[in-house]
1. On the basis of being over 30 Å from residue 32 (Cα atoms), assigned to a helix (DSSP H, G or I) and either without any contact (Cβ under 8 Å) to a residue 24 or more places away in the chain or assigned by TED's automatic domain parsing to the domain that holds residue 25 (or both), does residue 197 make the cut?
2. Counting just the residues of segment 382-416 that are crowded, with 17+ Cβ neighbours inside 10 Å and assigned to a loop (DSSP other than H, G, I, E, B), which one comes out farthest from the chain's Cα centre (by Cα)?
3. What number goes with the only condition from (1) in contact with a helix residue (DSSP H, G or I) (Cβ under 8 Å, 6 or more places away or on another chain); (2) at pLDDT 70 or above that residue 233 does not pass?
4. More than 25 Å from residue 263 (Cβ to Cβ) and modelled with pLDDT of 80 or more: does that describe residue 402?
5. How do the pairs read when you match residues in segment 74-99 that are assigned by TED's automatic domain parsing to the domain that holds residue 116 and in a loop (DSSP other than H, G, I, E, B) with residues anywhere that are surrounded by 12 or more Cβ atoms within 10 Å (Cβ to Cβ) and modelled with pLDDT under 75, using Cβ under 6 Å and keeping only pairs 6 or more apart or on different chains?
6. Which of the residues belonging to segment 184-210 are touching a strand residue (DSSP E or B) at 6+ places or on another chain (Cβ under 6 Å) and either modelled with pLDDT of 80 or more or loosely packed, with under 13 Cβ neighbours inside 10 Å (or both)?
7. Could you check, for segment 137-144, whether at least one of its residues is more than 21 Å from residue 66 (Cα to Cα) and at pLDDT 80 or above?
């Protein structure tokens, strides 16, 4: 049963209707409601106009006819029919200029249903069963019927073939005011029918126009609201898409941060192993040699004491030099009071001293302040780039360039390479990977490549003091 209800045409129409946008739904539903309301109001207005026109016309005609008929019908208070004098007077009245063509027929009724006067002489004196309208007129009311000629006594009037306004007007006694008869007269309603139709058309036109104006005004409001809702939906969709993209970026950055943290731990462990190996293979070996020679001198196992002490002194001096060399690579110089160009120059100068070489410069970083983390990153970048270039450039000229573009720091180290040299890191897996992690942790990018016999190490990072400080 539930399946059959869901598969009915009404459900299909409902689904298609709900699939439309708000403006289309309002246009359809609003039009249906407006048309129904217009038909109901229009019918009521048309009926009200028709009733009002008929009643107004009947009241005017009744007052007009009563002024003529009532004086002539006073004798009906004592007899059942009119005498010849009032009959002739009524016949002449119907032929008068005022009533000719307007009032078609006149009848006078007695309370018992006897026809006291009629233009059809054969009907005078006949008795008919009083109808509802006739009874109401004998009760003192003026009754109007528009084009209702279905009673037996209306056979002659129905044969005329024209719209008639049937009016029942009570005739009262002059002195007592009692209803002594009812005047039934038929007025030609051709003009009244035209007036009613014209009034109906005007009523329908006004009703339709008002309904149309109201519908257009409401549709305009709904249309504006629909556009606003559509714009808000688009804005929400765009904002949702932006939030999804931001969430994806955050997830990517979180993964990068996790990978960077893991790589930092690995690099720190590798650095510790390298320092340990350097200390073991260099200074530790020399210090051990010196200790052995001193033990030999102390135990008297050598005759050349002076030569042994000289060897000890040379070994200790060499060990100290190697320790200083190792420590020099681990400790940064003071960078707090330097700007970016001073930091880069500091790294270049330190390299020139160690390598006894000249580095070409193209720097445009004067008076540019940066956070300490960014300056340390720039120093390490230049240091690592020049050290790699010195080991692999085979005496070629090394070049350092730096500048600012749209709030971002750009640094590059170039050097020539031998034929067949690839772009891999030759610093035991510690140099470029560690530098890349350092740069990316500050939101920058690092790239390294070899093209046309030249190696290029480049760094691009946004100059943000607050980010760098974090």
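The values are calculated or read from the model by the stated rules, or taken from the named source; none is laboratory data. Note that this is a predicted model, so its numbers are computed, not measured. Ideal geometry is used to build each Cβ from the backbone, glycine not excepted, and the neighbour counts take in all protein chains shown.
1. Details: over 30 Å from residue 32 (Cα atoms): no; assigned to a helix (DSSP H, G or I): yes; either without any contact (Cβ under 8 Å) to a residue 24 or more places away in the chain or assigned by TED's automatic domain parsing to the domain that holds residue 25 (or both): yes.
So residue 197 fails the test.
2. Among those residues, the one meeting the criterion is 396.
3. (1)
4. On the way: more than 25 Å from residue 263 (Cβ to Cβ): yes; modelled with pLDDT of 80 or more: yes.
Against the criterion (more than 25 Å from residue 263 (Cβ to Cβ) and modelled with pLDDT of 80 or more), residue 402 qualifies.
5. Matching pairs, first to second residue: none at all.
6. Listed by number, the list holds a single entry, 184.
7. Taking segment 137-144 first, the residues more than 21 Å from residue 66 (Cα to Cα) are none.
Within segment 137-144, not a single residue is more than 21 Å from residue 66 (Cα to Cα) and at pLDDT 80 or above.
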